[in-house]
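Peer 1: Sharing a structure with you now.
The values are calculated or read from the model by the stated rules, or taken from the named source; none is laboratory data. If you're wondering where the values come from, they're calculated on a predicted model, not measured in any experiment. Every residue, glycine as well, gets a Cβ built from its backbone with ideal geometry; the counts of neighbours run over all protein chains shown. Calculation scope for accessible area: heavy atoms of the full protein, side chains included, ligands and nucleic acids excluded. Shrake-Rupley method; radii C 1.70, N 1.55, O 1.52, S 1.80 Å.
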Amino acid sequence: MLVMKEKLDIILSSFSGEGRELIPVLQKIQEEMGYLSPEAMLYAAEFLKIPPSNVFGVASFYEQFRFSPVGKKIVMVCQGTACHVKGAEKVMNEISRHIGIKEGQTREDMEYTLKGVACIGCCALAPCITINDDVHGRLTPKLIEKLFIKKPVNKKTNE
Amino acid sequence: MSDVNIIIDGIEFKTEAGKTILDAALENNIYIPNLCHHPELLPTGTCRMCLVEVEGISSVVVACKTIVRQGMSVLTESPLINSTRRATLELMHVNHKQDCTNCKKNGICKLQEVTAFVGVNENRLKLLRKTKPHVPPDNSNPFFNLEYDKCILCGICIRTCNEIQGVDALQFAYRGYHTIVSPFLNQTIKDSVCESCGECVVRCPVGALVPKLTSIPSREVSSVCPYCGVGCGILLGVRGDKITNVTGIKESPVNKGRLCVKGRYGYEWVNHSERLKKPLIKKGENFVESSWDEALTLIAKKLSKYKGESFATFSSAKCTNEDNYIIQKFTRAGMLTNNIDHCARLCHAPSVAGLAQSFGSGAMTNTIDELGKAGCIFAIGTNTTESHPVIALEVKSAKKNGSKIIVANPREIDLCKFADIWLQHKPGTDVPLLMGICKAIINNRLEDKEFINSRCEGYSEFKETLKEYDLKNVERITGVPAGKINEAAKVYASMGPSSIIYAMGITQHTHGTDNVLAISNLAMLTGNIGKKSSGVNPLRGQNNVQGACDMGALPNFFPGYQKVSEENVIKKFENAWECKLNNKTGITLTEIISAIDKKKVKALYLVGENSLLSEPDANHVKEALKKLEFFVAQDVFLSETACLADVVLPAASFAEKDGTFTNTERRIQRVRKALNPVGESKPDWLITCMIAQKMGVKGFEFSGAKEIFDEISKLTPSYKGVTYERIDKTGLQWPVYDKTHKGTPVLHKEKFLTSNGLGRFAKLNYRPPAETPDKEYPLLLTTERSLYHYHTGTMSRRVDGLNVLNREELVEINPIDAEKYSMKDGDKVSVESRRGRINAVIKTTKKCPKGVISMSFHFFESPTNVITNPAIDPVAKIPELKVAAVRIKKI
Ligand code: SF4
Ligand code: SF4
Ligand code: SF4
Ligand code: FES
Ligand code: FES
């Protein structure tokens, strides 16, 4: 808890604590911490002197904000029409098998988050996915295996 | 403000400049449909129902947000307006659960009202598709539900919670069709910061926010809330022999319709099955029901043996003025002793003593309403939000109006959120803090010389003693940085009118009287007394603690603070009551307990108090009470203390009798009988009169409360001009000198009530608390109250919903201390002092400073007062309930 507070202190040190900074503050927190935790939102509320209910109201209004942690690599599997025709479902299943989580989940070691999304605008490359900012197209099971080298889950990370 | 002329639908009106079109129209009885408008809230213009056309402006405008201008011509209907309104309304309907016949708002729903006026087309409705997804209702709060499928997103609840309640529990969340009203994180309302006041429920225009219990009353009786000293005006809704609901009275100058959770929802106890219905006599170990005659005969026979100093009475601040008057009259005229006291000893005895010394009268100097208009409010030793919720609303509204708020409290209480300056002083260091502020005021040359010279005495001696309190020294003792003290001093002295409010955090100390004197010093120094919104305001705890003091339920005073030791006073009452009276000042509540322990007092008459939970060092109290030869208790429930009695008499509740309560701002208000007393219970005054008559004491042949009140006003100068007729609607604030006098909202206007009319400065020395933490008992225990319970919980613990909101004693502790002891939320711990040990559950919170833990005393399972310190203030004899040294251990 204390560690979290210190981290947020540093993250918000460039802001002056005025209400109108709410959105940039939330963006900065998400950028640094990956998502908006309840503690972080309460902290922002106190810092900006805004009721927590308002902070949540605003945060939940915008698509860009996340309320749960995501993995280091966010894998988005396109499910648009073109990709669908070219076997998006298989791609999803294959990736899921490789990294060991289902659609919508985040792996316990915080390595991966797997999501299905609508057309990502690279239909010519269907079926395609993105990993963070990189697009990978014309996927085959071989390519998928290359992209996701199976790592044994390190038991110690869970301690 | 000036007037403007406007034309609505061709008719000309005069209206005040600055009004909105909607207000101007409604005032002149022209209906414009509206849903998101509420007269007490700022307009937002979200529902689009109030569209109107203004000549000269091309598009339509929302009437609820558009301000009238001179010569403006408004059309409330046109083809364009009608079709837009209808389309918007139809969209609302397709998304609204069609459930009118079943709905609790059927008949009072604003959506129905607007629909009837605007009209919707059934066929088109069938063509429209529902766009909002179904969201399951939030039924988590014990008193009300939120049914999302009926919510029209008007935002009234959100604005109420922000503007009126200052809690901000709710806000719109999510987007588009998914938009809902939601607490932080979409928590349930029960888990959110909601205080369950129900203000939003009262204002929701549709059936979205509705109380859980909603049987419609067959009649309403106006009365006063029985919980705290604020004394909110309430309407008791009654159906048959049950209370169905409670509504705040809008016209009441005290609460203006607002209520807190206890006042609005905490009435179940009145009809609770555990109410005492028959007298009980202890035979062997057990109580046996008896007839009134048997009980009274026994009491009369026994009590006759203890006339004089071996008898004592504990009266009750929960009872009416009439009850208290009769009880003290019986003690004095019937039992020939002045040994009578009540729980004011445990709360505001230092205020009565201290303020009487400085100003000549120990009560709030101003009205509650004036607080909202103060330039600066200094709240010291009061957790107003929890203990005096509706007064806290005035503080919050003052803040909204731009006034400065200074809070002095060791704990980070709710009001700190609204404070411009928070002085976090160490518990028990109020005197140096206040003297430090005085010192800083003089350093800054901000004292009111004119006021000091013309209205006060003892200034130079007082100024002399300030030498000891240089700010560095004060900082060392109190832990508050000198700069902050200086800042607070400047704000208090220069932002007037300044009002001080304080409560138990000031009084429940061995130096409680000194604390009060220090407050008086500060007020006089800056001339902040005797004016509107400017004064010293002790917030009284119990609903009628002011009245019980006024009525002379005190060992040294007859009604109206007339001293029992004064010859002419004794004469006056001997003549009036036609009997001989004892002129020896009686002993106080704390002294009575020790006298019982020493077997000097052998018989006790206890009315409506629960001493085992409210007195410090409760184990000792219990041992003492067991030594009584004869003990009569009179109460609505069989309290923990009443269990020790020989005879228990069933008393009627506030809802079952007539009378008056005097609230914290000295307002004498009418309490009315709404129900017949349950079982064979009777009003307290009547019971006492029956005992007196059985004993053959004269002067107790009253036919009703009104007749008693007439006797009170005859003998009590400050109540002289008060009659039931005059306070039928709105109460009057004492002193009311005669039948035409309008009462006294502000005390000490021209002169003080002291013998020479001058306010008296006091010289003060700092004395640390009687017990401070040490090696053996390293933590400091302070006591608190919860919003959801009252006093020892006799009433509030019998309201299921209040128990849901706060079900057990929580020991609040700073996270750092908790870590030190390896404790976490929910751990069971024992808390031990030199006097005893109790168990409770840990709650960590930054609100508690390091080294301090805090508990309430509402729970008989965790009787905090087993461990508090009975060391008393030498003047007011109040025990030090706010500071005790303790240690905690996991169990
Ligand atoms: S009940 Fe009171 S505190 Fe709770 S949401 Fe409604 S207005 Fe706010
Ligand atoms: S719950 Fe009631 S008051 Fe609140 S937005 Fe919905 S309809 Fe309006
Ligand atoms: S503030 Fe006090 S008097 Fe008013 S409703 Fe609440 S408990 Fe009753
Ligand atoms: S459908 Fe997959 S990128 Fe367009
Ligand atoms: S009442 Fe004017 S917009 Fe709702």
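Peer 1: How large is the Rg to Rh ratio of chain B when both quantities use alpha carbon positions and Rh follows Kirkwood?
Peer 2: 0.99
Peer 1: Another question, then. Tell me which lysines have Cα within less than 25 Å of B:Lys130's Cα, excluding those fewer than 8 residues away on the same chain?
Peer 2: B:Lys97, B:Lys104, B:Lys105, B:Lys110, B:Lys150
Peer 1: At a 1.4 Å probe, which residues in the range B:159-176 are at least 40 Å² less accessible with all protein chains present than in their chain isolated?
Peer 2: Listed by number, the residues meeting the 40 Å² cut-off are B:Asp168, B:Gln171, B:Tyr174, B:Arg175.
Peer 1: Here is a follow-up. Does the range B:63-169 come out rounded, prolate or oblate by the C-alpha gyration tensor, with a ≥ b ≥ c the root eigenvalues, rounded set by a/c under 1.5 and, if not, prolate when a/b is larger than b/c and oblate if not? List each step's numbers first, then the result.
Peer 2: Numbers: a/c = 2.26, a/b = 1.20, b/c = 1.89.
Because a/c hits 1.5 or more and a/b fails to exceed b/c, the range B:63-169 counts as oblate.
Peer 1: Could you state the orientation-averaged shadow area of the convex hull built on the Cα atoms of the range B:720-763, in nm² to one decimal?
Peer 2: 4.2 nm²
Peer 1: Hey, how many Å between the Cα centroid of the range B:663-734 and the Cα centroid of the range B:565-627?
Peer 2: Cα centres, the range B:663-734 to the range B:565-627: 22 Å.
Peer 1: What percentage of the solvent-accessible surface of the protein assembly as shown, computed with a 1.4 Å probe over protein heavy atoms, is contributed by carbon and sulfur atoms? Show your work: numbers first, answer last.
Peer 2: Values: 22460 of 42800 Å².
Answer for the protein assembly as shown: carbon and sulfur cover 52 percent of the accessible area.
Peer 1: Starting from the Kirkwood Rh over alpha-carbon pairs, what translational D in µm² s⁻¹ does the range B:770-838 have by Stokes-Einstein at 4 °C and 1.567 mPa s?
Peer 2: 90 µm²/s
Peer 1: What FRET efficiency would be calculated for the residue pair A:Ser14, A:Val70, taking the C-beta separation as r and a Förster radius of 22 Å, to the nearest 0.05? Provide the component values of the computation, followed by the final result.
Peer 2: Working: r = 24 Å, r/R0 = 1.09.
E between A:Ser14 and A:Val70, to the nearest 0.05, is 0.40.
Peer 1: Distance check, please: which entries in A:Lys49/B:Lys820; B:Lys396/B:Lys439; B:Lys278/B:Lys302 exceed 22 angstrom between their Cα atoms?
Peer 2: In this structure, A:Lys49/B:Lys820; B:Lys396/B:Lys439 lie more than 22 Å apart at Cα.
Peer 1: Could you sort B:433-443, A:27-37, B:513-523 so that the peptide with the highest average Cβ count within 10 Å comes first and the rest follow in order?
Peer 2: So the peptides B:433-443, A:27-37, B:513-523, ranked by packing, come out B:513-523, B:433-443, A:27-37.
Peer 1: A further question follows. Taking the Cα atoms only, what angle lies between the long axis of helix B:389-400 and the longest principal axis of chain B, rounded to 10 degrees?
Peer 2: That works out to roughly 50 degrees.
Peer 1: Other chains near B:238-250: what is the mean number of their Cβ atoms within 10 Å of each residue's Cβ?
Peer 2: Per-residue shielding by partner chains comes out at 0.
Peer 1: Sequence-distant or interchain residues sharing an amide H contact under 5 Å with B:Thr244, placed H: which?
Peer 2: The list, which skips near neighbours in sequence, is B:Gly237, B:Val238, B:Arg239.
Peer 1: For the range B:219-233, in order, what is each residue's ³J(HN,Hα) by Karplus, 6.51 cos²θ - 1.76 cosθ + 1.60 with θ = phi - 60°, in whole Hz (x at glycine and Pro)?
Peer 2: Along the range B:219-233, the couplings run 7, 10, 10, 8, 7, 10, 4, x, 8, 9, x, 4, x, 5, x Hz.
Peer 1: Which percentage, to the nearest 5, of the DSSP beta bridges contained in the protein assembly as shown is antiparallel?
Peer 2: Percentage antiparallel, nearest 5: 60.
Peer 1: Also: Through the Karplus equation 6.51 cos²θ - 1.76 cosθ + 1.60, θ set to phi - 60°, convert the phi angles of the range B:656-664 into ³J(HN,Hα) values in whole Hz; use x for Gly and Pro.
Peer 2: 10, 8, 8, x, 9, 10, 10, 7, 5
Peer 1: How charged is the neighbourhood of A:Lys49? Take every other residue with its Cβ under 13 Å from the Cβ of A:Lys49, and add Lys/Arg as +1 and Asp/Glu as -1.
Peer 2: Neighbourhood net charge equals -2.
Peer 1: Give a residue-ordered list of calculated ³J(HN,Hα) values for the range B:682-695 (Karplus: 6.51 cos²θ - 1.76 cosθ + 1.60, θ = phi - 60°; whole Hz; x for Gly, Pro).
Peer 2: 9, x, 4, 4, 5, 4, 4, 4, 5, 4, 4, 5, 4, 7
Peer 1: Just the number, please: percent antiparallel of the DSSP beta bridges in the range B:779-890, rounded to the nearest 5.
Peer 2: 70 percent
Peer 1: At 0.36 nm per residue, and after removing the present C-alpha to C-alpha distance, how many nm does the segment from B:Glu680 to B:Lys599 gain when stretched out fully?
Peer 2: Separation in residues times 0.36 nm, less the Cα-Cα distance, equals 25.8 nm.
Peer 1: Here's something else I'd like to know. Given labels modelled 7 Å from the Cα in the Cβ direction, how far is it in nm from B:Glu623 to A:Lys142?
Peer 2: That separation, rounded to one decimal, is 9.2 nm.
Peer 1: Follow-up. What is the calculated FRET efficiency for B:Leu42 to B:Ser215, with r their C-beta to C-beta distance and R₀ = 35 Å, to the nearest 0.05? Don't skip to the end; give the middle numbers.
Peer 2: Values: r = 34 Å, r/R0 = 0.97.
For R0 = 35 Å, the calculated efficiency reads 0.55.
Peer 1: Using modelled amide H (1.01 Å from N, peptide plane; none on Pro or chain starts), what sits under 5 Å from the amide H of A:Gly116, excluding residues fewer than 5 places away?
Peer 2: Placed amide hydrogens put A:Val77, A:Gly104 under 5 Å from A:Gly116.
Peer 1: Points 7 angstrom from Cα along the Cβ direction at B:Ile57 and B:Ser73: gap in nanometres?
Peer 2: Using points 7 Å along Cα→Cβ, the separation is 1.6 nm.
Peer 1: Once R0 is set to 45 Å, what does the formula 1/(1 + (r/R0)^6) return for the Cβ-Cβ distance between B:Asn568 and B:Ser822, expressed as a FRET efficiency to the nearest 0.05? Display every interim value, and only then the final one.
Peer 2: Details: r = 66 Å, r/R0 = 1.47.
According to the calculation, E is roughly 0.10.
Peer 1: Now a separate question. Given 5 Å bins starting at zero, what is the percent of C-alpha pairs of the range A:3-97 in each, up to the one with the largest pair distance?
Peer 2: All Cα pairs considered, the percentages come to 3, 12, 21, 18, 12, 8, 8, 8, 7, 3, 0.
Peer 1: With a ≥ b ≥ c the root eigenvalues of the C-alpha gyration tensor of the range B:779-890, is it rounded (a/c under 1.5), prolate (a/b larger than b/c) or oblate? Kindly include the intermediate steps, with their values, before the conclusion.
Peer 2: Values: a/c = 1.74, a/b = 1.01, b/c = 1.72.
Oblate.
Peer 1: If amide hydrogens are placed 1.01 Å from N in the peptide plane, which non-local residues have theirs closer than 5 Å to the one on A:Asp109?
Peer 2: none
Peer 1: While we're on this one: By its C-alpha gyration tensor, with a ≥ b ≥ c as the square roots of the eigenvalues, how is the range B:349-538 shaped: rounded for a/c under 1.5, else prolate for a/b larger than b/c, else oblate?
Peer 2: Numbers: a/c = 1.30, a/b = 1.16, b/c = 1.12.
Rounded.
Peer 1: Something else now. Compute for chains A and B the buried accessible surface, both sides summed, probe 1.4 Å, and express it in Å² to the nearest 100.
Peer 2: Roughly 1200 Å².
Peer 1: A further question follows. With every protein chain in place, what's the accessible area of B:Ser58 (1.4 Å probe, Å², nearest 10)?
Peer 2: Here the accessible area works out near 120 Å².
Peer 1: For a quick check of your reading of the filter: which trypsin sites (Lys or Arg not before Pro) in the range B:192-225 sit in a DSSP loop and have no more than 15 other Cβ atoms within 10 Å?
Peer 2: Those that pass, being in a loop and sparsely packed, are B:Lys212.
Peer 1: What is the distance, in nm, between label points placed 7 Å from the Cα along the Cα-to-Cβ direction at B:Glu285 and at A:Gln27?
Peer 2: Each label point lies 7 Å from its Cα, and together they span 7.5 nm.
Peer 1: Provide the net charge surrounding B:Phe558, with neighbours chosen by a C-beta distance below 10 Å and charges set as Lys +1, Arg +1, Asp -1, Glu -1. If you can, show how the numbers build up before the last one.
Peer 2: Numbers: positive: B:Lys329, B:Arg332, B:Lys563, B:Lys572; negative: B:Glu566.
Overall, the nearby charge balance is +3.
Peer 1: What 222 nm value per residue comes from the helices of chain B, counting each DSSP H run with n ≥ 4 as -39,500 (n - 2.57) and dividing by all residues, nearest 500 deg cm²/dmol?
Peer 2: -7500 deg cm²/dmol
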